[in-house]
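Novice: Shown below is the structure under consideration.
The values are calculated or read from the model by the stated rules, or taken from the named source; none is laboratory data. Remember, it's a predicted structure, so these values are computed and weren't measured experimentally. With ideal geometry, Cβ positions are generated from the backbone for all residues, glycine too; neighbour counts draw on all protein chains shown. Please note that ligands, DNA and RNA were not included when accessible areas were found on the heavy atoms of the full protein model with its side chains. Shrake-Rupley method; radii C 1.70, N 1.55, O 1.52, S 1.80 Å.
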Amino acid sequence: MASSRPRAAGRSAARGAAWLGAVLLAFAWPSPSAGQEAAGKRQRPPPPFPPPPDVRPPGCYEESVDPEGRNYSDMKVSIIIPYRNEKWEHIKGSLESILYYTPRKYLSEIMFVSDGNGPDTIYINELQGMSKLVTVFALPPPGVGLIEAKMRAVGAVAVRTNVLMFLEPHIRVNRVWLQPLLRRLRVDPKTLAMPQLDLIPPTDFGKYYSGTPGQWRFEWNLNLAFTNPMGIEPSSNKAYPSAGTSGGIFAIRKDWWDTLGFYDYGMIGWGGDHVEATFKVWRCGGRIEVVPCSRIGHMFREAEQRPYAVPVERVVQNYNRMAATWFEGEYLEAFYKVKPEARAMQVGNISEQLQLKERLHCKDMAWYLDHVDHELKWEKDHICIPGCNEPECCEGEAAYGRSTLDRVMPDHEYRAAVARSKGAREHEEL
């Protein structure tokens, strides 16, 4: 019975795994390009916050310049930051780092989206007093939840904006963070580009530690996971594909966002946006990348540390809608095996989303498993429920950072799957 199963870990488990896997930075990565970045610049006063260590890998100057030689003069960015009941210390620190490390010429605005904040946590005067670039898009109490707040914010961005940059209100951007993301959007306008996330401990916003490389993806219950089956080294400066997105911090062209129809209006509150973004981008003609030369420190928080409540049932209902939209046949059953409580939930009318899939000629789930997420394909035949006493239960404890497995895909099997996928693509191109 469903009640005998412990609740699966959610995003916090994946983010906790990222935190525990982090490498404490004792020194900055050597950067032979630092002189090029500093050449011709006047010395700036120190930032009004503890400066984070420069954790970029070597060679990031080349990964930051505009390949068309236009210095991104045609790309205007709206930074969008939803917030609810956040501490002023965190919001102020996030904005201070953005203002210090972001060239004004790339920005059309910095939009803070107040999702139902009261007078003590909306901070309109304080935010607008920090910069003329700041706007506050205020949604009255009780708010609408993260997903709809983002949708409304995009509808209100400046007319000249052609790049959307989503951030969170408990981050610190690092040196030259925006240009590497713009470069990836220049190279492929259908890319969803994510920075590599570094780590700010939830107990001390003044500290900053280097994160480890890896990709975001999800398990069959649609909870986030963070893995590195590719063996990406911390010294690598090249952008690399990620099977999914964590959903909160990424850059995307506005015209591509509009084409993909973000987000599904049938989703409510929180949860599932990372699934929709992953499938719409990858399966409908784009790609998702992590960009190691773009670094942002993020405060990873457990559920009990969030300043607002997220109803678990609402999240599962959104997951159920995503599964009904994007999983076909046997794949939907794999989801229900590890989320049995979702089977009885109503998904609502998904005809508009199914029509969008057809209109954009989106590829099916089999294609995604064969060409993008080889781990998820392997896991389909190994999923189980840890800590219960029924036939579908795991034989052992849950694997590290996972909630539906007691083992992970062996390295040699992953490499073989990548080779098969590469061979299939080369055959298709003949």
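Novice: Angle check, please: helix 146-155 long axis (alpha carbons) against the longest principal axis of the chain (alpha carbons), in degrees 0 to 90, nearest 10.
Specialist: So the helix axis and the longest Cα principal axis differ by about 50 degrees.
Novice: For segment 86-135, what is Rg from Cα atoms divided by 2.2 N^0.38 Å, rounded to two decimals?
Specialist: It is 1.14.
Novice: Now for a separate question. Regarding segment 78-209, what whole-number volume in Å³ per residue does the convex hull of its Cα atoms give?
Specialist: Cα convex hull per residue, to the nearest whole number: 116 Å³.
Novice: Roughly what % of DSSP beta bridges within segment 79-219 run antiparallel, to the nearest 5?
Specialist: 5
Novice: Where in segment 145-182 are there trypsin sites (Lys or Arg not before Pro) that are in a DSSP coil and have at most 11 other Cβ atoms within 10 angstrom of their Cβ?
Specialist: ARG160
Novice: How long is the chain along each principal axis, judged by its Cα atoms, biggest number first, in Å?
Specialist: Each principal axis gives a Cα extent; for the chain these are 66, 53, 44 Å.
Novice: For segment 370-430 and segment 250-309, write down the distance between their C-alpha centroids in whole Å.
Specialist: For segment 370-430 versus segment 250-309, the Cα centre distance is 23 Å.
Novice: OK, next. In nm, to one decimal, how far is the modelled label at GLU328 from the one at VAL65, with both set 7 Å along Cα→Cβ?
Specialist: So the label points at GLU328 and VAL65 sit 4.5 nm apart.
Novice: Report, for the chain, the % of DSSP beta bridges that are antiparallel, rounded to 5.
Specialist: In the chain, DSSP labels about 35 percent of beta bridges as antiparallel.
Novice: Which value, in Å², gives the accessible area per residue of segment 272-402 when a 1.4 Å probe is used on the protein heavy atoms?
Specialist: 43
Novice: What is the local net charge at GLU358, summed over the other residues whose Cβ is closer than 14 Å to its Cβ (Lys, Arg +1; Asp, Glu -1)?
Specialist: My count for the surroundings of GLU358 gives +2.
Novice: Next up: Using only alpha carbon positions, build the gyration tensor of segment 327-401, then give the equivalent ellipsoid semi-axes as the square roots of 5 times its eigenvalues, largest first, whole angstrom.
Specialist: 28, 18, 8
Novice: While we're looking at this one, here's another question. What's the extension gain from LYS422 to LEU360 if we count 0.36 nm per residue and subtract their Cα-Cα distance?
Specialist: So the chain would gain 19.9 nm between LYS422 and LEU360.
Novice: Hey, another quick one. Report the full-extension gain for the segment LYS380 to GLN305: residue separation times 0.36 nm, less the Cα-Cα distance, to one decimal in nm.
Specialist: Gain on stretching LYS380 to GLN305: 23.8 nm.
Novice: Another question, then. At a temperature of 10 °C and a viscosity of 1.306 mPa s, determine how fast segment 280-378 diffuses translationally according to Stokes-Einstein, using the Kirkwood radius over alpha-carbon pairs as Rh; express D in µm²/s, rounded to the nearest whole number.
Specialist: The calculation lands on 99 µm²/s.
Novice: Another question, if that's okay. Over the Cα atoms of segment 243-336, compute the convex hull volume and normalise it per residue, giving Å³.
Specialist: Value for segment 243-336: 135 Å³ per residue.
Novice: Once you have the Cα-Cα distance between GLU313 and HIS412, take 0.36 nm times their residue separation minus that, and quote the gain in nm to one decimal.
Specialist: 31.8 nm
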